[in-house]
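Let me begin by presenting the structure, written as structure tokens, before commenting on it.
Every number in this text was worked out from the coordinates using simple rules, so none of it is lab data. If you're wondering where the values come from, they're calculated on a predicted model, not measured in any experiment. Neighbour counts are summed over all protein chains in view; Cβ atoms, including those assigned to glycine, are modelled from backbone coordinates with ideal geometry.
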Amino acid sequence: MPLYMDIHTVDSDNFTVEDVVKAHMQDLAIQEKFGVIQIKYWVNVEAKTLFCLMEGPSKEACNMVHKESHGNTACNIIEVFDDEFNLYLGEGKSVNDLAHTVSGELDTGYRSLLLLNYIDLSGKYSHYVNEVKRQIKKYNGMPVLEAGDDIMASFIYSSSAILCAQAIGNILKTIPDPFEFSLALVSGRPVDEVGKTLFEETKKKAKYLCMLGLNMPMFIDEDTASLARKELQPPSIRAEEFREVKNDEFDFLFILCGIVENHLSDPDFNRDKLARALGLSKSQAYRKIKAIAGIAPNQLIREIRLRKAIQTIKRGGKTMAEIAFSHGFNSPTYFTRSFRNRFGIQPGQYARISVK
């Protein structure tokens with residue numbers, strides 16, 4: 001049967017683990033009626049959220065178990081897959097289906113995700129990427145993604161994710177040019193109140209932070225910093241190492257990067273059109289973009305185009321002319337010049353290095 005995971009948010013000042021245990025026992029009592037098997041659940045008392053993992057014939061059947069047993073239906077239910085679930089949440093143990101960490105604490109289900117995006121412009125530094133993987137293992141991270149120039153890992157403890165990011169940054173900053181990277185640390189819930197995949201909003205935050213430019217200070221979101229401060233041995237978060245992004249900045253970041261992505265192939269899309277699309281004056285747009293990205297609007301547009309172009313080059317299968325036009329450059333010559341000015345080599349050279 002398919003595997004599903006849901007989220008419940010509780011609007012009560014008296015929310016306790018004991019309440020959830022009682023509701024779970026009520027679910028177990030009637031689950032057979034709907035062909036559902038409850039497997040495991042995670043509770044975060046502070047955030048008043050809980051997540052249930054179950055097998056069932058459909059989302060509706062899973063929700064009917066909750067509805068009939070205690071009336072607390074899910075805010076959202078998504079289908080998950082064994083391989084993906086085990087990478088993000090498979091560590092730990094359960095006591096009567098209630099999730100605990102390996103050390104025996106309640107497992108809230110929340111995870112800190114580390115996303116590293118790198119560009120090896122010479123093809124000589126793959127051994128550093130292997131060192132990054134060793135650091136992830138050293139700090140008890142679980143690798144969940146390695147695709148193209150991206151590496152993502154999941155951490156139960158935010159403090160471990162921060163220490164790992166600091167170690168990775170110290171290693172990669174010793175590499176001479178031409179090697180660039182960006183790194184984002186973001187924490188969040190396995191299931192959001194909207195969405196269809198595990199850690200959908202959290203992964204989106206990490207992706208867009210890494211889009212803001214390479215060789216900038218590493219990014220950390222407000223939730224990761226806050227969670228780390230509550231742990232037993234919180235690491236120091238130095239301003240020169242991390243740029244902390246507040247929760248209320250992400251709404252603007254999502255809109256900003258979404259607009260640029262939607263106009264990626266339009267060579268006439270510039271800072272003026274971006275400001276209009278944002279509903280801001282040119283000066284307002286400049287200030288807001290500069291504050292969150294550290295670069296001017298036109299530079300941000302060009303940076304995202306070139307970063308996306310690099311990904312396309314690495315995948316192979318397209319000519320430089322096709323890549324130029326599909327990423328908003330009005331001629332292959334202009335694309336080549338922009339690429340060389342930004343990265344120091346011709347796009348064709350990078351293709352020979354990166355495409356295998």
(message) Take Ser236 and Glu105, extend 7 Å from each Cα along the Cα→Cβ direction, and tell me the distance between the two endpoints in nm.
(response) 2.3
(message) For the chain, set up a GNM with springs between Cα atoms under 10 Å and report which of Val45, Val95, Val191 has the largest fluctuation.
(response) Val95
(request) May I ask which residue of Thr101, Ile78, Leu183 lies farthest towards the positive end of the charge dipole of the chain, with charges of +1 (Lys, Arg) and -1 (Asp, Glu) on Cβ and the Cα centre as origin? (result) Leu183
(request) Neighbouring Cβ atoms within 10 Å as the yardstick, rank Phe242, Phe199, Phe252 fewest first. (result) Phe252, Phe242, Phe199
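Indicate the gyration tensor shape class of segment 185-244 (rounded, prolate or oblate), computed on the Cα atoms with a ≥ b ≥ c the square roots of the eigenvalues: a/c under 1.5 is rounded; otherwise a/b larger than b/c is prolate and the rest oblate.
Values: a/c = 3.64, a/b = 1.25, b/c = 2.92.
Here segment 185-244 falls in the oblate category.
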(message) Residues of segment 35-54 with the amide nitrogen closer than 15 Å to a label point 7 Å from the Cα of Asp82, along Cα-to-Cβ, please.
(response) 54
(request) Using the Kirkwood radius over Cα pairs, work out the Stokes-Einstein diffusion coefficient for segment 1-44 at 4 °C and 1.567 mPa s, in µm²/s as a whole number. (result) 108
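Taking a 19 Å limit on the Cα-Cα distance, which of the listed pairs Lys48/Lys230; Lys133/Lys173; Lys138/Lys207; Lys33/Lys196; Lys133/Lys205 fall beyond it? Numbers along the way, then the final one.
Working: Lys48/Lys230 17 Å; Lys133/Lys173 16 Å; Lys138/Lys207 24 Å; Lys33/Lys196 26 Å; Lys133/Lys205 22 Å.
Where the Cα-Cα span goes over 19 Å, the pairs concerned are Lys138/Lys207; Lys33/Lys196; Lys133/Lys205.
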(request) When a/c is below 1.5 the answer is rounded, else prolate if a/b is larger than b/c, else oblate, so apply that to segment 255-354 with a ≥ b ≥ c taken from the square roots of the Cα gyration tensor eigenvalues. (result) prolate
(message) If I take R0 = 41 Å and measure r between the Cβ atoms of Lys48 and Glu322 in this structure, what FRET efficiency does the formula 1/(1 + (r/R0)^6) give, to the nearest 0.05?
(response) 0.25
(request) Can you put Leu278, Leu50, Leu114 in order of Cβ neighbours within 10 angstrom, beginning with the fewest? (result) Leu278, Leu50, Leu114
(message) Run the simple label-point estimate for Glu261 and Arg287 please: 7 Å along Cα→C-beta, distance reported in nm.
(response) 2.8
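Give, as a single signed number, the net charge of other residues whose beta carbon lies under 10 Å from the beta carbon of Gly148, with Lys and Arg counted +1 and Asp and Glu -1. Intermediate values should be presented prior to the final figure.
Numbers: positive: Lys314, Arg315; negative: Glu146, Asp149, Asp150.
Counting the neighbours of Gly148, the net charge comes to -1.
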(request) Kindly identify segment 113-185 as rounded, prolate or oblate by the Cα gyration tensor criterion: order the square roots of the eigenvalues as a ≥ b ≥ c, call it rounded if a/c is under 1.5, otherwise compare a/b with b/c, prolate if a/b is larger, else oblate. (result) prolate
(request) Give, as a single signed number, the net charge of other residues whose beta carbon lies under 14 Å from the beta carbon of Val20, with Lys and Arg counted +1 and Asp and Glu -1. (result) -4
(message) Given the -39500 (n - 2.57) contribution per DSSP H run of 4+ residues, what per-residue ellipticity at 222 nm results for the chain, rounded to the nearest 500 deg cm²/dmol?
(response) -14000 deg cm²/dmol
(message) Could you tell me how many cubic angstrom of Cα convex hull volume the chain has per residue?
(response) 155
